[in-house]
Amino acid sequence: MPVTLKDVAERAGVSRSAVSRAFTDGASVSDSMRVKVEKAASELGYMPNALASSLTTGRTRLIGLVSNNFHNPIFLEVFDLFTRGLQDRELRPLLVNLSDETDPANSVRLLRQYSVDGVVVASSTLTPEFSIAFKEARIPVVHSFGRHSSSPQVHVVGIDNVECGRMAARELVARGYKSVGFLGGPQAATSTQDRIAGFTAELDQHPNIAVSQSFAEAYSFEAGRKEMLRLLESKSAEAYFCGDDVLSIGALSAVQEAGFHVPDDIGLIGLNDMEIAGWQNINLTTIRQPIRQIISSSIELIVAMLDEPDRYPEARLFPSQVIERGTLKPRL
């Protein structure tokens, strides 16, 4: 039979309420009492029930980790860093898949069922309405990888996707390409909209360069491959800014299958710098998103909001950088 709180109380020679207080943060209990209870618990192999203690404290220490693109390998790193970072702070991550979800109210109802103490929306494609819905439900929320705003309604941590689009355009111009294309993710995604806005705005300054645009169905390998195969059926551009590494790798597969060479025939630049982008057989030139710093900052904010839920919303923006590898021609 599992060891119970009553067993610990009898071993320590104290009341059950004393044992409960000893394992409750902030509860009134003397140091000598706590030592006596912890010694008895250790001898019996007792561990307090975290869910039961939440009934006493009013906190579950559950943090909903919400995302919607489980086909993108970058989120393996994102989930790894988030779950470890939350657990290091004695918080419990609750992973929620919102793929194909369009109604923010549904996600709020789902998370409320678990009485989460806070929510991190980890997505560049879920609209701001999702994180705002949690705020309106009075659930502390941080939107990681969300759309940057100078006056955010919720805490937003991420990169300037418009500037990333400009960076990609400048790289293609610097390498002498005269025909370039934007191969983005879903057209409705705010990250796609911002990246193409920066890309085209920068290239407007170079009227001698032909610019095209197209969109994949999802941020996934298969979607990037499918869209590039379609583009190759007609006259393709000399180089493409693919709005995500996984799209770039799908596009690379399509280019090679069609008998072309990268970067001699077609150049590619991605965004994220996920681990496989640096693999020798991929060797993708890309724009690095500082994922570790974004996640660390997001966790810092959600922890602060547990004690200060009405903390004024702020936008934390991290700089990106070009990582030179082998899928673009050298600079002129």
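Extension gain, GLU10 to HIS71: 0.36 nm times the residue separation minus the Cα-Cα distance gives 16.7 nm.
Counting lysine pairs in the chain that sit 8 or more residues apart in sequence, or on different chains, and whose Cα atoms lie under 17 Å apart gives 5.
Protection proxy ranking of 307-320, 246-259, by the mean of other Cβ atoms within 10 Å over each peptide's residues and highest first, is 246-259, 307-320.
Of the chymotrypsin sites (Phe, Trp or Tyr not before Pro) in the stretch 67-127, the ones in a loop by DSSP (not H, G, I, E or B) with at most 13 other beta carbons within 10 Å are TYR114. Counting only DSSP beta bridges with both residues in the chain, what percent are antiparallel, rounded to the nearest 5? Around 10 percent of the beta bridges assigned by DSSP in the chain are antiparallel ones. When both the stretch 72-120 and the stretch 172-239 are represented by their alpha-carbon centers, they are found 31 Å apart.
For VAL156, nonlocal amide neighbours, meaning residues 5 or more places apart or on other chains whose placed amide H falls under 5 Å from its own, are HIS143, GLU314, ALA315, ARG316.
For GluC sites (Glu not before Pro), the sites in the stretch 158-249 that DSSP calls loop and that have at most 11 other Cβ atoms within 10 Å are GLU233. Show that you can apply the helix-only estimate: for the chain, add -39,500 (n - 2.57) for every DSSP H stretch of four or more residues, divide by all residues, and state [θ] at 222 nm to the nearest 500. That comes out to -13000 deg cm²/dmol. Projecting label points 7 angstrom from Cα along Cα→Cβ for TYR312 and HIS206 puts them 4.1 nm apart. For the stretch 272-284, the Karplus equation 6.51 cos²θ - 1.76 cosθ + 1.60, evaluated at θ = phi - 60°, returns couplings of 2, 6, 6, 3, 6, 4, x, 4, 4, 7, 9, 6, 7 Hz by residue, with Gly and Pro reported as x.
Each reported figure results from applying straightforward, stated rules to the coordinates on display, with no laboratory input. It should be emphasised that the depicted structure is a prediction, and the values quoted were computed from it without experimental measurement. Because the Cβ atoms are built from the backbone with ideal geometry, glycine has one as well, and the counts that use them run over all protein chains shown.
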